[in-house]
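Take a look at the structure set out below.
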Amino acid sequence: MIKDKDAYILQLENQVQNLEKQVNNLTEIIILLRKQKFGSSSEKTPKSQFDGQLNLFNEAEQEALPDAEEPAVSKVNGFYRRNPKTKREELLKDLPVQEVICDVAEQECFCPKCQSGLVPVGKEIVREELEYIPAKLQVIRYVRMAYGCQACKQRGTPYILKALTPTSLMNHSLASPSTVANVMYQKYVNGMPLYRQEKEWEQMGLALSRATMANWIIRCSQDWLMPVVNHLRQELLKRDTIHCDETPVQVLKEPGKKPQSKSYMWLYRTGEDGDPPIVLYDYKPSRSGKNPADYLQGFHGYLHTDGFAGYEKVADVTRCGCWAHYPRCIIIREGSSTLFRTIC
């Protein structure tokens, strides 16, 4: 009798576990269907993550903290001493320091009690200010010296020796490495378009057109940066893991394509293998799978991508799926049969 009860209890427990699994599966299906019907159909980043781009006029008001405190100081024996490891010291530790000595006038450097002369006994730091030094322009003129042999000149066989000069960044151009680096930095790091840089150069007293700056960027990219990119690509193919994704971009002026048509920027990045990361971008006018197949030719490691079918054309690699796209494709069992269907 007791054995029958134990068997019956065990049967009920198994039945409860099976029912709980069914409830969990059905709950996941309901959540998935609700997301498909009412939720977003893309992986677009929420707008809130880009709020900073919209705070052009009220950024100061939003970022200000009225209760923010200055680094604390303590008064010791007539002068102020900073507490150790203040935030201000951390901010300024790598900046050069210029001291402004505030001295007593020589005619006032005497004791009012006995009229004896005063001697220095110490100094104190009163305050520190952060000074901004605006950029300035100057012309670097390379002058090459020439030397001649007077004796050979008198014999009718003159000899002249000229000094060597550094190689220019671009022939017959005013561009210097610092100038082009600043143009690229302002455009690609600070997001300042060339027409705004043109106005800034004009304010500094130089009429530098945006067309000239564009030519500088293109020429220097081809002559000086492409060898670096090609070397990084060779190093990229030696790694064990590569992450790849493509994103649409719109190109306004491209031969043979309408401005409204889509082009694609392909991103290739190494994994977290402990070595320095390599991140490369490759522009292509289409989304063809031939693009990653050509770019990754010679790579035989793990390729981490989304479910885009074009990546199937990359040969001799181990494909890895992306967990961020997993909720798109859930396998749901159809009743008690062995058939499965995919909800995407």
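The values are calculated or read from the model by the stated rules, or taken from the named source; none is laboratory data. Note that this is a predicted model, so its numbers are computed, not measured. All Cβ positions, even for glycine, are placed from backbone atoms using ideal geometry, and neighbour counts span all protein chains on display.
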Criterion (surrounded by 10 or more Cβ atoms within 10 Å (Cβ to Cβ) and either basic (Lys, Arg) or in the same structural domain as Gln297 (by TED's automatic domain parsing) (or both)) met by exactly one of Lys136, Lys187:
Lys187
Being in contact (Cβ under 8 Å) with a residue 40 or more places away in the chain and assigned to a loop (DSSP other than H, G, I, E, B) is the filter; apply it to region 298-320 and report the residue that is nearest to Leu236 (Cα to Cα).
Phe299
For Val126, state whether it is part of a loop (DSSP other than H, G, I, E, B), without any contact (Cβ under 8 Å) to a residue 60 or more places away in the chain and within 30 Å of Ile218 (Cβ to Cβ).
no
Test: Gln250 is over 21 Å from Cys320 (Cα atoms), surrounded by fewer than 16 Cβ atoms within 10 Å (Cβ to Cβ) and in contact (Cβ under 8 Å) with a residue 12 or more places away in the chain:
yes
Return a yes/no flag: does region 117-128 have any residue that is within 30 Å of Met204 (Cα to Cα), at pLDDT 85 or above, surrounded by 10 or more Cβ atoms within 10 Å (Cβ to Cβ) and of a type outside the set (Val, Ile, Thr).
yes
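Let's see how each residue does on (1) over 20 Å from the mean Cα position of the chain (by Cα); (2) assigned by TED's automatic domain parsing to the domain that holds Cys322; (3) surrounded by fewer than 16 Cβ atoms within 10 Å (Cβ to Cβ):
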{"residue": "Ile217", "(1), (2), (3)": "no, no, no"}
{"residue": "Pro227", "(1), (2), (3)": "yes, no, yes"}
{"residue": "Glu246", "(1), (2), (3)": "no, yes, no"}
{"residue": "Lys257", "(1), (2), (3)": "yes, yes, yes"}
{"residue": "Tyr264", "(1), (2), (3)": "no, yes, no"}
{"residue": "Glu272", "(1), (2), (3)": "no, yes, yes"}
{"residue": "Asp282", "(1), (2), (3)": "no, yes, no"}
{"residue": "Ser286", "(1), (2), (3)": "yes, yes, yes"}
{"residue": "Gly298", "(1), (2), (3)": "yes, yes, yes"}
Tell me whether region 190-202 contains one or more residues that are of a type in the set (Asp, Glu) and either over 21 Å from Ser221 (Cα atoms) or exposed (fewer than 10 other Cβ atoms within 10 Å of the Cβ) (or both).
yes
In the set Arg82, Arg144, which member is modelled with pLDDT of 90 or more and either in the same structural domain as Ser221 (by TED's automatic domain parsing) or among the charged types (D, E, K, R) (or both)?
Arg144
